[in-house]
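Comments concern the structure below.
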Amino acid sequence: MTQKHVFLTGDRPTGKLHIGHYVGSLKNRVQLQNSGDYEPYIMIADTQALTDNARDPEKIQHSLLQVALDYLAVGLDPQKSTLLVQSQIPALSELTMVYLNLITVARLNRNPTVKTEIKQKAFGESVPAGFFIYPVSQAADITAFKADTVPVGDDQEPMLEQTREIVRSFNNIYGQKILVEPEGYFPPKGQGRIPGLDGNAKMSKSLNNAIYLGDDADTIQKKVMSMYTDPTHVHVEDPGHIEGNTVFTYLDIFGTDQAKIADLKAQYQHGGLGDVKIKRYLNEVLQAELKPIRERREQFAADPASVYAILKKGSEKANQVAAQTLHEVRHAVGVDYFG
Ligand code: TRP
């Protein structure tokens, strides 16, 4: 039997997941899981979430279950994937300490993802040290499972580059090829990022412009009817723009009837097609996609104990794998004095 690939990925539990997460990475994870070619590890990154929420641990505690429900709802299957909780795997922290010595503060300062986040969160000089070094803990997450593949949104590429540098550095210095260099696995071009309902480039909880995987049918409909379209399209007869029109951007990503979408686009550009009609159609499309997800979510939500049991079992398995990698790393570094 040929050896399977391994993938590892995860999310910080700071709230429920939305359809931006779905197209950005959840869909790919389910697809890789179901391909049968991978051994999947899906991690709820609560330790990482605490790096900028140390004073609000209840938020992380509460979101842990929400994210687990979202995972199960989209079809991540505990029979096929190991679902784990980062804080329950002590080897990850220990690996982080080893890797911290292989990277400079200057290099961390240049990480574009962290740089952007520090700006967004307005940390300035008061960025928590744990937050600043989270790319290193992410390298620990990936390498602990010897993952060669990391399905994430394209904003995570700088994290992967940093992980590869740490792996190369480790393998060079300690002369053993224990650690594996990971590759990102990204959504198809143009399909991986959806704007917010308000047309903002990013969908996020803080911008209040998201559709959540757990939203009920009415909420989805209201949100769709409120979406940003084309401010120059005032009267139905006016020619409208489809570029930058959030409704059409969503249709391109979620729609299945390409001929119908092409037709609607032509009519809209020509004039004579109102926003209400295209929104109603998008609503149909989204409801069809999200209904089975919401129903599965509700089933699991009715039995939180079973969800915690899944996470506990997954974390136990993950612990064994990560402990084995740590054992090899300690041996390579030479700190296994007592065997
Ligand atoms: N940084 C990811 C997020 O923003 C979560 C995460 C933690 C992760 N460790 C990871 C993703 C390792 C991929 C691989 O939610």
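Every number in this text was worked out from the coordinates using simple rules, so none of it is lab data. Just so you know, these numbers come straight off a predicted model, no measurement behind them. Quick reminder, even Gly has a Cβ in these numbers, built from the backbone with ideal geometry, and neighbours come from all protein chains shown.
On the Cα set of the range 1-150, report Rg and Dmax in Å, please.
15.8, 52
Which value, in debye to the nearest 20, gives the size of the charge dipole of the chain about its Cα centre, when Lys and Arg are +1 and Asp and Glu are -1 at the Cβ? Display every interim value, and only then the final one.
Details: 36 positive and 41 negative charges, 69 e Å.
That gives a dipole near 340 debye.
Just rank 116, 51, fewest to most, by other beta-carbon atoms within 10 angstrom.
Going from sparsest to densest Cβ surroundings: 116, 51.
Extending each Cα 7 Å along its Cβ direction at residue 172 and residue 295, get the distance between those two points in nm, one decimal.
Going from the residue 172 label point to the residue 295 one covers 5.5 nm.
Among 240, 221, 314, which residue has its Cα furthest toward the positive end of the charge dipole of the range 169-321, with +1 on Lys/Arg Cβ and -1 on Asp/Glu Cβ?
314
By a straight-distance test (C-alpha under 13 Å), which aspartates and glutamates pair with residue 115 as possible cross-link partners, with residues fewer than eight away in the same chain excluded?
Result set, ordered by chain and number: 125, 155.
Considering only Cα-Cα distances, which of the following residue pairs are longer than 22 Å: 4/80; 80/202; 205/260; 121/205; 202/279? Provide the component values of the computation, followed by the final result.
Details: 4/80 13 Å; 80/202 31 Å; 205/260 32 Å; 121/205 14 Å; 202/279 20 Å.
Violating the 22 Å limit, Cα to Cα: 80/202; 205/260.
How much FRET efficiency would the formula 1/(1 + (r/R0)^6) give for residue 59 and residue 330, where r is the Cβ-Cβ distance and R0 is 45 Å, rounded to 0.05?
On the way: r = 34 Å, r/R0 = 0.77.
About 0.85, to the nearest 0.05.
In terms of Cα to Cα distance under 16 Å, which lysines are near enough to residue 177, apart from those fewer than 8 places away along the same chain?
Partners within reach: 146.
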